[in-house]
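Trainee: Take a look at the following structure, please.
The values are calculated or read from the model by the stated rules, or taken from the named source; none is laboratory data. Just so we're clear, the structure is a prediction, and the values are computed from it rather than from any experiment. Note: ideal-geometry Cβ built from the backbone for every residue, glycine included; neighbour counts use all protein chains shown.
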Amino acid sequence: MELHRCAYDVVSGWRGLPPPAIDGERTLVLLFGAPELPLGDALAELRRVLPRAHLLGCSTAGEIHQERVRDDSISAAVIRFARTDLRLASAPVATDADSRAAGVAIADALAGPGLRGVVVLSEGLAVNGSELARGLGDRLDPGVIVTGGLAGDGGRFHRTWVLHRDRPTAAMVTAVGLYGDHVHLGHGSQGGWDIFGPDRVVTRSAGNVLYELDGKPALALYKEYLGDRAAGLPTTALLFPLAILRDAASHRVVRTVLGVDEATQSMRFAGDIPQGALAQLMRSNVDRLVTGAADAALAARPRSPGRPVLSLAVSCVGRRLVLKGRTEEELEAALDGLPAGSTQVGFYSYGELSPIASGRCELHNQTMTLTTIDEDGAA
């Protein structure tokens, strides 16, 4: 496996583009770009160098490039596999209700002999990430590792895109399948948030829309906790996500607010809020967020050292809002936990996709999620 890391901005253009010899049917480009960056010239130049490569990418709430976070740029990795086959798939997701069907369509398009892993990049707003993950899991073999994330739009929550046929496209889910016995994927997803306040019962919800907690309008209750920060909703809600516990036999999941509806006093989250579940507010602990990133690297670290390693880092925009000037500390912690010389690219997201303990992919929020990719028999 051969790795190249490159970056683009409108002033300097591309830096670090690989030689054309790396192009081919086993070449993958992972590209993460600022939501409002004009991409026409950048993509045209990239395609001149790599006309046959598979291209997967999305908009961000910050572009991750090694241990740095950038804005108004593109961060990309070009991976030439020696023995691993690749296949792209896509499916529309115009509304939350399309999410599970989109996951099923992606899974059906990629399922086949030798499938080892799937990297998914999705529209970040008009999607229920829990249902998307459920659709993927319904169709794929349990041994297939599924990771990825939901596209971002900074703190605006206005429009996100994924690359579809080399164009930034809204309302779409895209994915790449990796095939063969020589590719190896690791994964780790950790948070670092603290729970506070009482348990509250989700007394009314529908999918990823929360209407009532303890019989009271959810948005009104949430505003009480936010105080003066309520004026900044939905962005300020990223500072106080919800921890959801479906039942005593389940594990807690974290859910992030994507939108609010004043008329219905409801809140729309990136994933399901099951009726009858317990919900608690969470708040940040900066040092624990950084430690969480290090723990994610430890979980994702490849078992066989000495080979080139790609780390796909997907962290939540809420973590960036909390960490502020210390944001790059979590990126440094993640990279430091991986083998020396690892290549790290990725993005700040509206949701992260990664397996849970059972091996099944699930939506996460407010985590640092790492996917490591390496290949034996590297050429």
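Trainee: Residue check: is Asp228 of a type in the set (D, E, K, R), more than 20 Å from Gly351 (Cα to Cα), assigned by TED's automatic domain parsing to the domain that holds Ser205 and in a loop (DSSP other than H, G, I, E, B)?
Mentor: Numbers: of a type in the set (D, E, K, R): yes; more than 20 Å from Gly351 (Cα to Cα): yes; assigned by TED's automatic domain parsing to the domain that holds Ser205: yes; in a loop (DSSP other than H, G, I, E, B): no.
No.
Trainee: Is it the case that Gly292 is closer than 30 Å to Gly232 by Cα and crowded, with 19+ Cβ neighbours inside 10 Å?
Mentor: Details: closer than 30 Å to Gly232 by Cα: yes; crowded, with 19+ Cβ neighbours inside 10 Å: yes.
Taking the combined requirement at face value, the residue satisfies it.
Trainee: Please determine, by comparing only the residues of region 249-277 that are among the polar types (S, T, N, Q), assigned to a loop (DSSP other than H, G, I, E, B) and in contact with a Phe, Trp or Tyr (Cβ under 8 Å, 6 or more places away or on another chain), which one is surrounded by the most Cβ atoms within 10 Å (Cβ to Cβ).
Mentor: Residues of region 249-277 that are among the polar types (S, T, N, Q), as a first pass: 250, 256, 264-266, 275.
From what's left, assigned to a loop (DSSP other than H, G, I, E, B): 250, 256, 264-265, 275.
Pick out the ones that are also in contact with a Phe, Trp or Tyr (Cβ under 8 Å, 6 or more places away or on another chain) and you get 256, 264-265.
Values: Thr256: 26, Thr264: 12, Gln265: 18.
Among residues in region 249-277 that are among the polar types (S, T, N, Q), assigned to a loop (DSSP other than H, G, I, E, B) and in contact with a Phe, Trp or Tyr (Cβ under 8 Å, 6 or more places away or on another chain), the one surrounded by the most Cβ atoms within 10 Å (Cβ to Cβ) is Thr256.
Trainee: What residue, among those in region 168-226 that are over 22 Å from Val322 (Cβ atoms) and polar (S, T, N, Q), is surrounded by the most Cβ atoms within 10 Å (Cβ to Cβ)?
Mentor: Among those residues, the one meeting the criterion is Thr174.
Trainee: Return the residues of region 161-177 that are polar (S, T, N, Q) and either outside any strand (DSSP E or B) or within 16 Å of the chain's Cα centre (by Cα) (or both); say none if nothing qualifies. Lay out the reasoning, then the answer.
Mentor: Step one: list which residues in region 161-177 are polar (S, T, N, Q), which gives 169, 174.
Of everything in region 161-177, just one residue is polar (S, T, N, Q) and either outside any strand (DSSP E or B) or within 16 Å of the chain's Cα centre (by Cα) (or both), namely Thr174.
Trainee: Test Thr372 against the stated conditions and say whether it is among the β-branched types (Val, Ile, Thr) and in a strand (DSSP E or B). Outline the logic, then answer.
Mentor: Working: among the β-branched types (Val, Ile, Thr): yes; in a strand (DSSP E or B): yes.
Here the answer is yes, as Thr372 does meet what is asked.
Here's the yes/no breakdown for (1) modelled with pLDDT of 95 or more; (2) surrounded by fewer than 22 Cβ atoms within 10 Å (Cβ to Cβ); (3) assigned to a loop (DSSP other than H, G, I, E, B); (4) under 24 Å from the mean Cα position of the chain (by Cα):
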| site | (1), (2), (3), (4) |
| --- | --- |
| Gly24 | yes, yes, yes, no |
| Leu31 | yes, no, no, yes |
| Pro35 | yes, yes, yes, yes |
| Ala44 | yes, yes, no, no |
| Arg48 | yes, yes, no, no |
| Cys58 | yes, no, no, yes |
| Ile64 | yes, no, no, yes |
